[in-house]
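Trainee: Structure incoming, see below.
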Amino acid sequence: MEELLGRINQPNDIKNIDACDYKRLAWEIRRFIVKNTSRTGGHLSSNLGVVELAMAIHLCCELPYDQIIWDVGHQSYAHKILTGRKKEFAKLRQHGGISGFPKRAESACDAFNTGHSSTSISAAIGLAKARDIRDGVQKIFAVIGDGALSGGMAYEALNNAARLKSNLIIVLNDNQMSISRNVGGMAGYLGNIRTNTNYMGLKEDIENILKKMPHAGEKITTSIRGFKDVLKRVFIPGMLFEDMGIKYIGPIDGHDIKKMVSAFDGASKVKGAVLVHVCTKKGKGYPPAEKNPSSFHGVAPFFVRDGSARKSKDEKETYTDIFSQRITELAKEDKKITAVTAAMPAGTGLAKFAKKFPERFFDVGIAEEHAVTFAAGMAAGGLHPVVAIYSTFLQRAYDQILHDVCLCGLNVVFVVDRAGIVGSDGETHQGIFDIAFMMPMPGLTIMAPKNSWELGEMLLFAVKHNGPVAIRYPRGAAYTGFSGHKQPLEHGRGEWIEKGQDIVLLAAGSMVETAMEVHGILKEKGFNISVANMRFLKPFDTGLLEEALKGHSLLVTLEEGVVTGGFGQAVARWVNDRDRSIKVLCTGLPDKFLEHGSVDILKDKYGISAGKIAGRVLEAYEKEKGKA
């Protein structure tokens with residue numbers, strides 16, 4: 001264990017470290033993060049960039065009494081280390097181990113669960129109001145990145161923060177990036193502040209001169225406060241935050257602990273909201289991450305010496321790769337196709353499209369709600385927009401999908417990546433709710449491909465369809481089986497994979513492969529069962545279901561999403577309205593937030609592995625057979 005880091009075993013231990021040793025401690029923390037993340041994977045660049053920032057905030061706080069909210073939260077590793085959790089990093093993001101995000105259940109020093117962007121200021125205002133009503137005196141810090149300031153919720157919160165009469169410290173961690181490089185007006189505005197040294201230099205010169213003037217200096221300082229405000233507006237155009245009523249301090253070097261501590265101490269004495277603007281370097285201290293911070297944002301296990309992956313990269317194409325290739329091909333033929341992403345061009349597979357068709361590619365920043373309504377506007381104008389967003393982030397645009405797209409019947413295509421169990425990022429990132437929240441939306445077609453070929457065909461179908469379409473697919477390698485099953489796509493029609501009797505498995509998307517594994521398990525036990533690829537979760541194939549009702553006594557639905565409100569329950573309701581003698585078994589995920597862990601572990605734990613489903617099917621079949 002590193003010499004100084006070995007003395008950090010519980011909250012506030014950093015205060016026992018001499019100021020002259022802060023630089024060494026920061027180095028030890030970085031080395032610890034790199035070493036442990038290289039073994040387990042995790043978020044690297046963002047955590048390396050905020051080490052000194054975390055240290056400075058902790059030096060100004062008494063934890064857990066004071067409260068810190070880390071926006072998104074994937075940059076909380078140093079915070080966790082400084083609050084006595086370093087021994088738990090051996091199982092970072094692994095099942096049963098420490099989370100990669102702040103968790104209230106994990107430590108009293110984690111003031112708020114975070115995982116999605118642009119929420120910290122809203123939560124901090126709530127904590128501040130709770131403090132004031134209780135007559136408390138806690139310091140409350142909200143740490144938000146410049147990328148998160150592209151999210152509209154941050155502005156709603158800033159608007160309310162300006163009305164605070166008690167202290168709240170908002171720390172703007174400005175590293176010029178979210179996952180990819182930031183875009184938009186706020187990015188440009190902050191860039192002007194970062195690069196404009198005239199104001200900061202002049203301000204320091206004036207202050208130094210006044211300090212040398214005994215007696216008169218303080219009086220003069222008071223008399224030119226108004227002039228200082230004029231200077232701000234001359235040298236830093238707009239001064240957005242101050243104009244909103246939020247005191248602005250900065251920009252400050254986010255790797256200079258002494259300057260940050262001084263700024264935070266001063267900010268804590270203000271009766272109102274204060275924004276402290278700190279500039280950090282994403283990936284700092286680890287050359288491969290400094291050179292390519294986007295690639296080291298979220299990493300699998302790697303070799304520390306050069307940042308190369310410990311395992312050779314899987315050469316199999318992912319569903320994201322298939323989407324990237326196919327949407328680019330379609331856009332060559334159809335000039336009306338546009339593509340929209342919310343700050344994740346690489347993650348969603350749109351980087352290739354952006355390079356080929358820059359005039360038809362739009363990165364709107366971390367603003368999923370805007371992305372959807374913006375796409376709706378393009379569709380209303382006669383274009384064919386494709387919005388690529390991870391399932392967990394699409395939740396943020398629920399109202400826009402329902403009100404601005406479905407209500408208008410617009411041809412917007414939602415490409416729902418990372419649908420289903422995602423794994424190591426845990427509760428905030430599992431894509432298990434999209435089926436359930438989209439199923440009730442009138443006019444929305446929901447599709448799920450069984451393999452790579454079918455995803456390509458679904459994209460072609462979707463851009464030509466007259467109405468909104470969502471295509472959901474999982475993270476990881478695209479399944480390439482079922483090469484003999486290439487029935488042309490028809491709206492609302494599924495396909496039979498196997499024909500048998502007594503039991504029929506009605507599977508959607510990734511669960512078609514699982515259904516065939518269940519089929520193999522049951523075949524060994526003497527069953528000859530049917531398997532159908534539903535293709536469309538909504539509208540599902542009622543003709544196929546009518547056929548299934550005639551030859552089977554047990555219908556089993558398989559979906560990689562929550563059962564409550566999902567595809568299976570919709571099928572069960574349809575069947576029960578027609579033939580209550582036939583049992584419908586809905587297999588899927590429970591009404592629960594799923595913790596972090598590998599996909600295989602979580603699938604088995606929560607009952608959607610082939611073995612667990614086969615067991616439930618046998619149990620249900622024997623039960624129904626016993627009733628007959």
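The values are calculated or read from the model by the stated rules, or taken from the named source; none is laboratory data. The structure displayed is predicted, hence computed values, not measured ones. Every residue, glycine as well, gets a Cβ built from its backbone with ideal geometry; the counts of neighbours run over all protein chains shown. With ligands, DNA and RNA removed, areas are computed over all heavy atoms of the protein, side chains included. Shrake-Rupley method; radii C 1.70, N 1.55, O 1.52, S 1.80 Å.
Trainee: Counting only residues that are part of a loop (DSSP other than H, G, I, E, B), in contact (Cβ under 8 Å) with a residue 40 or more places away in the chain and open to solvent by less than 10 Å² (accessible area, probe 1.4 Å), which one in the stretch 84-99 is nearest to residue 31 (Cα to Cα)?
Mentor: Per the stated criteria, the residue is 92.
Trainee: Scan the stretch 310-335 for residues that are of a type outside the set (Asp, Glu) and exposed (fewer than 14 other Cβ atoms within 10 Å of the Cβ) and jot them down.
Mentor: Correct list: 310, 311, 312, 313, 316, 332, 335.
Trainee: Sticking with this structure for a sec: For the stretch 110-148, enumerate the residues that are more than 23 Å from residue 427 (Cα to Cα) and part of a helix (DSSP H, G or I).
Mentor: Within the stretch 110-148, 125, 128, 129, 130, 131, 132, 133 meet the criteria.
Trainee: Among the candidates 323, 362, 353, 437, single out the residue that is part of a strand (DSSP E or B) and either in contact with an Asp or Glu (Cβ under 8 Å, 6 or more places away or on another chain) or not charged (D, E, K, R) (or both).
Mentor: 362
Trainee: Of all residues in the stretch 365-399, count the ones that are among the aliphatic types (A, V, I, L, M), in contact with a Phe, Trp or Tyr (Cβ under 9 Å, 6 or more places away or on another chain) and either without any contact (Cβ under 8 Å) to a residue 24 or more places away in the chain or not in a helix (DSSP H, G or I) (or both).
Mentor: 6
Trainee: Then there's this: Looking at residue 78 and the list (1) among the small types (Gly, Ala, Ser); (2) within 24 Å of residue 149 (Cβ to Cβ); (3) open to solvent by 30 Å² or more (accessible area, probe 1.4 Å), which single condition is not satisfied?
Mentor: Of the numbered conditions (1) among the small types (Gly, Ala, Ser); (2) within 24 Å of residue 149 (Cβ to Cβ); (3) open to solvent by 30 Å² or more (accessible area, probe 1.4 Å), the odd one out for residue 78 is (3).
Trainee: Quick one: count up the residues across the stretch 465-503 that are outside any loop (DSSP other than H, G, I, E, B), among the charged types (D, E, K, R) and within 31 Å of the chain's Cα centre (by Cα).
Mentor: 1
Trainee: Examine the stretch 452-463 for a residue that is touching a residue at least 24 places away in the same chain (Cβ under 8 Å), assigned to a loop (DSSP other than H, G, I, E, B), on the phi < 0 side of the Ramachandran plot and not aliphatic (A, V, I, L, M), and state whether such a residue exists.
Mentor: no
Trainee: Something else: Report every pair of residues separated by at least 6 positions or lying on different chains whose Cβ atoms are under 7 Å apart, first residue within the stretch 260-276 and open to solvent by 30 Å² or more (accessible area, probe 1.4 Å), second among the hydroxyl-bearing types (Ser, Thr, Tyr) and assigned to a loop (DSSP other than H, G, I, E, B).
Mentor: From the stretch 260-276, the pairs are 271/166.
Trainee: Can you tell me which of (1) under 17 Å from the mean Cα position of the chain (by Cα); (2) more than 18 Å from residue 342 (Cβ to Cβ) is the one residue 443 doesn't meet?
Mentor: Tallying (1) under 17 Å from the mean Cα position of the chain (by Cα); (2) more than 18 Å from residue 342 (Cβ to Cβ), residue 443 fails exactly one: (1).
Trainee: Mind listing just one residue for me: the one in the stretch 1-34 that is without any contact (Cβ under 8 Å) to a residue 24 or more places away in the chain and outside any helix (DSSP H, G or I) and, of those, farthest from residue 255 (Cα to Cα)?
Mentor: 1
Trainee: Kindly evaluate residue 429 against the criterion of being without any contact (Cβ under 8 Å) to a residue 12 or more places away in the chain and open to solvent by 10 Å² or more (accessible area, probe 1.4 Å).
Mentor: Criteria not met by residue 429.
Trainee: Additional query: With the requirement that a residue be open to solvent by 10 Å² or more (accessible area, probe 1.4 Å), hydrophobic (A, V, I, L, M, F, W, C) and not in a loop (DSSP other than H, G, I, E, B), what does the stretch 35-73 give you?
Mentor: Of everything in the stretch 35-73, just one residue is open to solvent by 10 Å² or more (accessible area, probe 1.4 Å), hydrophobic (A, V, I, L, M, F, W, C) and not in a loop (DSSP other than H, G, I, E, B), namely 59.
Trainee: Can you pull out every residue in the stretch 582-599 that is acidic (Asp, Glu) and touching a helix residue (DSSP H, G or I) at 6+ places or on another chain (Cβ under 9 Å)?
Mentor: Passing the criteria: only 595.
Trainee: Tell me, yes or no, whether the stretch 9-28 has at least one residue that is of a type outside the set (Asp, Glu), open to solvent by less than 10 Å² (accessible area, probe 1.4 Å) and under 14 Å from residue 284 (Cβ atoms).
Mentor: Checked against the condition, which is being of a type outside the set (Asp, Glu), open to solvent by less than 10 Å² (accessible area, probe 1.4 Å) and under 14 Å from residue 284 (Cβ atoms), the stretch 9-28 yields at least one hit.
Trainee: Follow-up. Quick one: in the stretch 326-350, of everything that is in a helix (DSSP H, G or I) and farther than 19 Å from residue 478 by Cα, which residue is farthest from the chain's Cα centre (by Cα)?
Mentor: The residue in question is 333.
Trainee: Okay, moving on. Inside the stretch 544-558, can you point out the residues that are in contact (Cβ under 8 Å) with a residue 12 or more places away in the chain and within 16 Å of residue 497 (Cβ to Cβ)?
Mentor: 544, 545, 548, 551, 552, 555, 556, 557, 558
Trainee: With the requirement that a residue be surrounded by fewer than 22 Cβ atoms within 10 Å (Cβ to Cβ) and under 14 Å from the mean Cα position of the chain (by Cα), what does the stretch 100-114 give you?
Mentor: Passing the criteria: only 113.
Trainee: Determine which single condition residue 420 fails, assuming it passes every other condition in (1) within 18 Å of the chain's Cα centre (by Cα); (2) open to solvent by 10 Å² or more (accessible area, probe 1.4 Å).
Mentor: (2)
Trainee: Related question: Since residue 102 meets every condition but one in (1) closer than 26 Å to residue 167 by Cβ; (2) part of a helix (DSSP H, G or I), which condition does it not meet?
Mentor: The single condition residue 102 does not satisfy is (2).
Trainee: Mind checking which residues of the stretch 355-371 are over 17 Å from residue 383 (Cα atoms) and open to solvent by less than 20 Å² (accessible area, probe 1.4 Å)?
Mentor: 365, 367, 368
Trainee: While we're on this one: Considering only residues of the stretch 336-353 that are open to solvent by less than 20 Å² (accessible area, probe 1.4 Å) and without any contact (Cβ under 8 Å) to a residue 40 or more places away in the chain, which is nearest to residue 146 (Cα to Cα)?
Mentor: 350
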